[in-house]
Amino acid sequence: MTLIRDLYARFQVLIHEVAKFGIVGGLAFVLTIVLVNVFHSGAGLGPIAAATLANILATIFAFVGNKFWAFRHRKGSHWGRETLLFFFFNGIGILITDGVIAAVHYGLGLTDNFSYNVANIIGIGMATLFRLYCYRRWVFLYAEGQAPAAERLEPETSGASEGTRLPAFADPEREVSGFQDALHHLRQVVLDGVQVHRVLQPDRERGYGLVGFPA
């Protein structure tokens, strides 16, 4: 038990960040899968266009969830810088997902919905690992001198200064409030996705795609 407590004390920040990142990412994952199928099977968009649009909407949700909940204790980077880097790295993540889908759909010739969803899930998984590393390394940073001891892979000591203490993760009201905000934003993104589907659906029924060419 002592070993477990020591490991937890040493990696508390990482454990909490990964857990919260996983929750936000899980919700974004479900949102992406739903929207991909809505856009591809329902609205008739191509495999790459559907995945890209779904990932863009999920990225907006993920930004709010990560910025204001998962990594909100990291306040060392300017808002504009965080936003720019977040969407830059997510753009690369979308390209990773699209690349996997393109390889399966066009390279291997597997065009059925099952293969499409499997390729999408694999691509999302690869992109998620890339995003987590980039968020912690370049996007959501600590203010200078505020990085906790666990970030330096050293256990915190009782005599540590206030600036090196671990962030307070044990405030239930703040955690619940942040999570509720993320869920509210998820609902809004879903409604936006439904609205996009309604816009595209009439063209689909007439046999035309997004830009007026036969689907």
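Figures for the structure shown
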read-out: Index of the failed condition, residue 122 passing every other in (1) buried (at least 18 other Cβ atoms within 10 Å of the Cβ); (2) in contact with a Ser or Thr (Cβ under 9 Å, 6 or more places away or on another chain); (3) of a type in the set (Val, Ile, Thr); value: (1)
read-out: Residue match in the range 60-68 (condition: farther than 15 Å from residue 121 by Cα, small (Gly, Ala, Ser) and in a helix (DSSP H, G or I)); value: yes
read-out: Residue list for the range 100-115, restricted to those being touching a helix residue (DSSP H, G or I) at 6+ places or on another chain (Cβ under 7 Å), farther than 26 Å from residue 23 by Cβ and either surrounded by 15 or more Cβ atoms within 10 Å (Cβ to Cβ) or among the aromatic types (Phe, Trp, Tyr) (or both); value: 102, 104, 105, 115
read-out: Residue check, residue 75 over 26 Å from residue 116 (Cα atoms) and part of a helix (DSSP H, G or I); value: no
read-out: Identity of the residue in the range 10-21, assigned to a helix (DSSP H, G or I) and open to solvent by 40 Å² or more (accessible area, probe 1.4 Å), that ends up modelled with the lowest pLDDT; value: 10
read-out: Candidates 43, 62, 50, 70, filtered to the one that is crowded, with 17+ Cβ neighbours inside 10 Å, small (Gly, Ala, Ser) and within 17 Å of residue 119 (Cα to Cα); value: 50
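The values are calculated or read from the model by the stated rules, or taken from the named source; none is laboratory data. Keep in mind that what you see is a predicted model, and the values were worked out from it rather than measured. Glycine also receives a Cβ, built like all others from the backbone with ideal geometry; neighbour counts cover every protein chain displayed. The area values use the complete protein model at the heavy-atom level, side chains included, leaving out ligands, DNA and RNA. Shrake-Rupley method; radii C 1.70, N 1.55, O 1.52, S 1.80 Å.
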